[in-house]
Amino acid sequence: MIKFIVDEQVSINGGYLMHNASLGCEDMPKFDEQILIGYFANFELAYKRVRMNWPKEKVDACSKCCSV
């Protein structure tokens, strides 16, 4: 299972950035600025959970660690 998190700080494009925490992305936020999404088999399932939890927020995938 892959651990996914969302940066609690808004990015420069006005949305929140989702990361694959299992890969150790260089752009991941500090631990105290992370929101745990959970452990999923792939990015698509994790993204569906994000959309369920935050339907009105803009959430983007990190281009370095999340494949769409």
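Read-outs throughout are calculated quantities, based only on the coordinates presented, and are distinct from any laboratory measurement. The structure displayed is predicted, hence computed values, not measured ones. All Cβ positions, even for glycine, are placed from backbone atoms using ideal geometry, and neighbour counts span all protein chains on display.
Each Lys or Arg adds one and each Asp or Glu subtracts one; over the other residues with Cβ under 11 Å from the Cβ of Gly15, this totals -2.
Only DSSP H runs of four or more residues enter the estimate; each adds -39500 (n - 2.57), and after division by the residues of the chain the mean residue ellipticity at 222 nm equals -5000 deg cm²/dmol.
Within the shell defined by Cβ-Cβ distances under 14 Å, the residues around Pro55 carry a net charge of +4, with Lys and Arg each +1 and Asp and Glu each -1. Shape call for the chain from the C-alpha gyration tensor, a ≥ b ≥ c root eigenvalues: rounded (a/c under 1.5), prolate (a/b greater than b/c) or oblate? Rounded, since a/c falls under 1.5.
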